[in-house]
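Notes to accompany the following structure.
Bear in mind these aren't lab numbers, they're just calculated from the coordinates by the rules spelled out. Predicted model, so just to flag it, every value in this text is computed and none were measured. Heads up, the Cβs are rebuilt from the backbone with ideal geometry, glycines too, and the neighbour counts pull from every protein chain shown.
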Number of protein chains: 2
Amino acid sequence: MSDALRQFKSEIFQGLANPTRIAIVELLREGELPAGKLIDKLGIEQANASQHLAVLRAKQIVVSRKVGNQVYYSIRDRALIEVLDILRRYFYAQLNTTVTMLKEAARETPKSRLVTRR
Amino acid sequence: MSDALRQFKSEIFQGLANPTRIAIVELLREGELPAGKLIDKLGIEQANASQHLAVLRAKQIVVSRKVGNQVYYSIRDRALIEVLDILRRYFYAQLNTTVTMLKEAARETPKSRLVTRR
DNA sequence: CCACTATATTCGTTATTTCGAATATACTAA
DNA sequence: TTAGTATATTCGAAATAACGAATATAGTGG
């Protein structure tokens, strides 16, 4: 695969590599919202929200349009929602795996060993 | 959605937010490889590759198993490959959009204006 | 034991990200 | 014009990431 494509992918990931920005994308899942609404729901500083929105714009994850005084944001491509959905499933799959492993470990290992081991 | 899930997602994205690490994941797409093979194909410093592998392990993106002298890496969950595929399609979709927009702009705007604008 | 190979970790440096505070810009309404 | 609201940008500090050089660890075969 080309370097350009790898670069592009890593920039998308970088754009989403922050819990606040994920929250923003998820708030936009149902459609566009003005920046002010986002700030209210996120409960963070206005400047900070605006900075995160700038990152999302720079990485082409969202687009904005101005309406009078306000700026409406929306997700540029539904593919990104799909990505988040995949990761949600992935998260729960991993959770199950972890829990299963813990249960097995508990069954196989006498309690006394659990305490003193290593 | 829960904070924990958002945190988890952002950590996955952080894990993939680097072209070298994307290259690693793509090299592992067809199955496991020992670290040495990865280093050869990536053409980077051994220490650097090992550091990136440590990040991928920490974010639970890959798993490793030791066989004698070597450490074999593989992708923990195919879902991540799916994510990369979605982004590949997304990349080309965006490319098309951009090209189309450039073409339209060129048609609508006389050449003289393209030079002097702003 | 020693020497060798494969991989990981630590360290120091430089670059990037994140945040809040302050400031700037753009729009509306009077 | 001025005042007010919505949003963006700049600045400086603290935290985090990335890299190569050096070193450490674990495994294999004499």
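List of remarks:
- Meets criteria (within 9 Å of chain B (Cβ to nearest Cβ) and under 14 Å from residue A:23 (Cβ atoms)) for residue A:84: yes
- The number of residues in the range B:28-84 that are free of Cβ contacts under 8 Å to residues at least 40 places away in the same chain and within 9 Å of DNA strand D (Cβ to nearest atom) comes to 14.
A quick yes/no check of all residues on (1) under 22 Å from residue B:4 (Cα atoms); (2) under 14 Å from the mean Cα position of the chain (by Cα); (3) surrounded by fewer than 17 Cβ atoms within 10 Å (Cβ to Cβ):
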position	(1), (2), (3)
A:8	no, no, no
A:22	yes, yes, no
A:70	no, no, yes
A:74	no, no, yes
A:80	yes, yes, no
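- Only listed residue being under 26 Å from residue A:85 (Cα atoms), in a helix (DSSP H, G or I) and within 10 Å of DNA strand C (Cβ to nearest atom), chosen from B:87, B:53, B:80, B:38: B:53
- Criterion (within 14 Å of chain A (Cβ to nearest Cβ), on the phi < 0 side of the Ramachandran plot and not basic (Lys, Arg)) met by exactly one of B:53, B:38, B:5: B:5
- Flag for residue A:86 being out of contact with any Lys or Arg (no Cβ under 9 Å at 6 or more places or on another chain), closer than 20 Å to residue B:89 by Cα and of a type outside the set (Asp, Glu): yes
- The range A:41-50: number of residues that are away from every other protein chain (no Cβ under 14 Å) and either of a type in the set (Lys, Arg) or surrounded by fewer than 16 Cβ atoms within 10 Å (Cβ to Cβ) (or both): 5
- Taking the listed residues A:30, A:11, the one that is under 23 Å from residue B:86 (Cβ atoms), away from every other protein chain (no Cβ under 12 Å) and out of contact with any Pro (no Cβ under 8 Å at 6 or more places or on another chain) is A:30, with no other qualifying.
- Restricting attention to the range B:56-74, the residues that are assigned to a helix (DSSP H, G or I) and either in contact with a Lys or Arg (Cβ under 9 Å, 6 or more places away or on another chain) or within 7 Å of DNA strand C (Cβ to nearest atom) (or both) total 1.
- Residues of the range A:4-33 satisfying the condition of being aliphatic (A, V, I, L, M) and closer than 18 Å to residue B:92 by Cα: A:4, A:5, A:12
- The residues in the range B:41-50 that are outside any helix (DSSP H, G or I) and either in contact with a Pro (Cβ under 9 Å, 6 or more places away or on another chain) or more than 10 Å from DNA strand C (Cβ to nearest atom) (or both) can be counted, and the count is 2.
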